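S.K.: Have a look at this one.
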Amino acid sequence: MSTATLTPRPQTEVSTPPRPKQPRHFDFNRITDEQFLEAAEHMHLDEEVRQLLLTPYRELIVQVPVRMDDGKLSMFHGFRVQHNGVRGPYKGGLRFHHQVDLGEVRSLAALMTWKTALVDIPFGGAKGGITCDPSKMSRAELQALTRGFTQKIDMALGVYRDIPAPDMNTNAQVMAWIMDEYGKKHGYTPAIVTGKPISLGGSLGREEATGRGTMIITREACKAFGVTLRGAAVAIQGFGNVGSWAARLLAREGARIVAVSDVHGGICSPEGLDIDAVTLHVKESGSVVDMPGTRAIDNDEILMLPVDVLIPAALGGVIHEDNAGDVRAKLVVEAGNSPVTPEADRVLRQRKARIVPDILVNAGGVTVSYFEWVQNLQQFRWSLEEVNTRLEERMMAAWRHVYEVHQTQKLPLRVAAYVVALERVSEATRQRY
Ligand code: GLU
């Protein structure tokens, strides 16, 4: 997250950021609803459970006024959607992005319900978002925004009710502010958020957990579909927390990371990038672009490279009907949420490319969030080795289950993953109603 100095603001008394808009060129809800319904059809899921799972339990839309550094008041809009809680407290990240809207948060909340069910952790699904551009805000402004949002949704949070975590453009620092703000009213409550700094009760291994889970699933998918990971060409769109950790850990497994990109652009090197050097370059310059000894590519080109594994680890909807035909990767591993639209999914299926779905690939983050929550409740810290061993076990169990359903029921991996998750959620639903 940027703590860049303040950029000039409009000279009005109250500067108002764009109001929450409804869907952009693609519709997040349509993506997750279609994916859900394909699996629901296959399972002959009854209409009552279907309706229950298609609609969220609770949606909060809040106004968060923030006195900016220049003395002016800016009005932000924040969202928290609790999709389903039949298997445990609502759980999911909080994202800061200028395009965040209710539809996106609603859809991502549903994905969290399937994700927590798939890795069989006792949580439901939720998501939060604030429509803002963190790259244009100072640290003090972001802190005020986070604290204001926490106050507004306080009544819906709770250690056994709803537990936020980091997501796009939020990090351990933002979680620390939430915990601190929540604690003012409720007393010391580390288990109210996960992904905290280690010094405040965060878990060892949480920061790299989503990237580590991505590495584990990529490794297994390669084994299953005849790709030798050692020397395999891998392209990764997105070099934030998830993309950069996935790159580092896959490189350690012997993969050749031939291209990476971020919001500013991408870099490519057929012999394989030195990920530690790229990370250092990002630290110094703020971006992967202009890394010496590499060729520049853009964020569309990176999706078209003739690689073994393509890992979209950034925004949703980046592979759509207009560019899916140009994707040449054998395996598409969805480290980001909803990077492939249903139309693109169909094109890729026809081409026999394998898509490893988001709810499986990026479930490592919420899995270690669960470990963090457990450690906080027990007031006991696990070693990094214990965290990583348990993460490996959970991810492998989920992979084996999905792969078995994929093979025995002849289903694409995404539908198989939904079937596994939906069985757990629908069973718990039936027993409650
Ligand atoms: N934001 C992450 C996700 O989409 C992690 C959520 C969590 O740890 O609760 O899975």
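S.K.: Across the chain, where is the longest run that never hits GluC sites (Glu not before Pro) in a DSSP loop with at most 11 other C-beta atoms within 10 Å? Could the numbers behind the result be given before it?
M.R.: Working: sites that count: GLU13, GLU271.
Answer - 14-270.
S.K.: Express the relative contact order of the range 333-433 as a whole percentage, based on alpha carbon pairs under 8 Å and six or more residues apart in sequence. Don't jump to the answer; show the numbers that get you there.
M.R.: Working: 63 pairs, mean separation 26.0, N = 101.
The value is 26 percent.
S.K.: Through the Karplus equation 6.51 cos²θ - 1.76 cosθ + 1.60, θ set to phi - 60°, convert the phi angles of the range 126-133 into ³J(HN,Hα) values in whole Hz; use x for Gly and Pro.
M.R.: 8, 7, x, x, 10, 6, 7, 10
S.K.: At a 10 Å Cβ-Cβ cut-off, how would you order HIS77, HIS98, fewest neighbours first?
M.R.: Ascending Cβ contact count within 10 Å gives the list HIS98, HIS77.
S.K.: Between HIS42 and GLN151, what FRET efficiency comes out of the Förster formula 1/(1 + (r/R0)^6) with R0 = 45 Å and r the beta carbon distance, rounded to 0.05? Mind dumping the intermediate values first?
M.R.: On the way: r = 44 Å, r/R0 = 0.97.
Calculated value: 0.55.
S.K.: If you don't mind, another one. Using Cα springs under 10 Å in a Gaussian network model of the chain, which residue among ASN169, ASN84, ASN337 shows the largest mean-square fluctuation?
M.R.: The residue that fluctuates most here is ASN169.
S.K.: I would also like to ask the following. If you build a Gaussian network model of the chain, linking Cα atoms that sit under 10 Å apart, which residue out of PHE76, PHE380, PHE123 swings the most?
M.R.: Highest fluctuation of the listed residues: PHE380.
S.K.: Skipping prolines and chain starts, which residues have an amide H placed within reach, meaning under 5 Å, of the one on PHE76, given they are 5 or more residues away or on another chain?
M.R.: Counting only residues 5 or more places away or on other chains, the set is VAL64, VAL66.
S.K.: Which number do you get for Rg(Cα) / (2.2 N^0.38 Å) in the range 208-300? Before the final figure, lay out each step's value.
M.R.: Numbers: Rg = 12.6 Å, N = 93, 2.2 N^0.38 = 12.3 Å.
For the range 208-300, the normalised Cα radius of gyration comes out at 1.02.
S.K.: Report, in whole Å, the centroid distance computed from the Cα atoms of the range 341-411 and the range 70-140.
M.R.: So the two Cα centres are separated by 20 Å.
S.K.: With the radius of gyration and the Kirkwood radius both derived from the Cα set of the range 100-192, what is their ratio Rg to Rh?
M.R.: Values: Rg = 13.6 Å, Rh = 14.1 Å.
Across the range 100-192, the Cα-based Rg/Rh ratio is 0.96.
S.K.: Which whole-number percent is the relative contact order of the range 184-290 (Cα, under 8 Å, 6+ apart)? Let's see the in-between values first.
M.R.: Numbers: 136 pairs, mean separation 20.7, N = 107.
Computed value for the range 184-290: 19 percent relative contact order.
S.K.: A follow-up question, please. Run the paramagnetic zone check for LYS352: 7 angstrom along Cα to Cβ, then residues of the range 223-257 with backbone nitrogen under 13 Å.
M.R.: Once the point is set 7 Å along Cα→Cβ of LYS352, 226 turn out to lie under 13 Å by backbone N, inside the range 223-257.
S.K.: Choose one answer from ILE198, ILE319, ILE355: the residue with the largest mean-square fluctuation in a GNM of the chain with alpha-carbon springs under 10 Å.
M.R.: Fluctuation is largest for ILE198.
S.K.: Points 7 angstrom from Cα along the Cβ direction at ALA140 and THR55: gap in nanometres?
M.R.: For the pair ALA140/THR55, the computed spacing is 4.6 nm.
S.K.: Where does the range 306-433 land on the Kirkwood hydrodynamic radius, alpha-carbon pairs, in angstrom? List each step's numbers first, then the result.
M.R.: Numbers: mean 1/r = 0.0613 Å⁻¹.
Roughly 16.3 Å, rounded to one decimal.
S.K.: Averaging sequence separations of C-alpha pairs under 8 Å and six or more residues apart, then dividing by the length of the chain, give the relative contact order as a whole percent. Walk me through the numbers before you get to the answer.
M.R.: On the way: 924 pairs, mean separation 69.6, N = 433.
Result for the chain is 16 percent.
S.K.: A further question follows. Please report the projected area of the chain's Cα convex hull averaged over all directions, in nm². Display every interim value, and only then the final one.
M.R.: Working: hull surface 80.3 nm².
Here the figure is 20.1 nm², rounded to one decimal.
S.K.: Using a basic spin-label model with each label point 7 Å from the Cα along Cα→Cβ, how many nm lie between ASP120 and GLU301?
M.R.: The modelled label-to-label distance comes out at 4.6 nm.
Here, each number is a calculation from the coordinates, and none is a lab measurement. No experiment lies behind these values; they were computed from the predicted model shown. Virtual Cβ from ideal backbone geometry, glycine too; neighbours counted across all protein chains shown.
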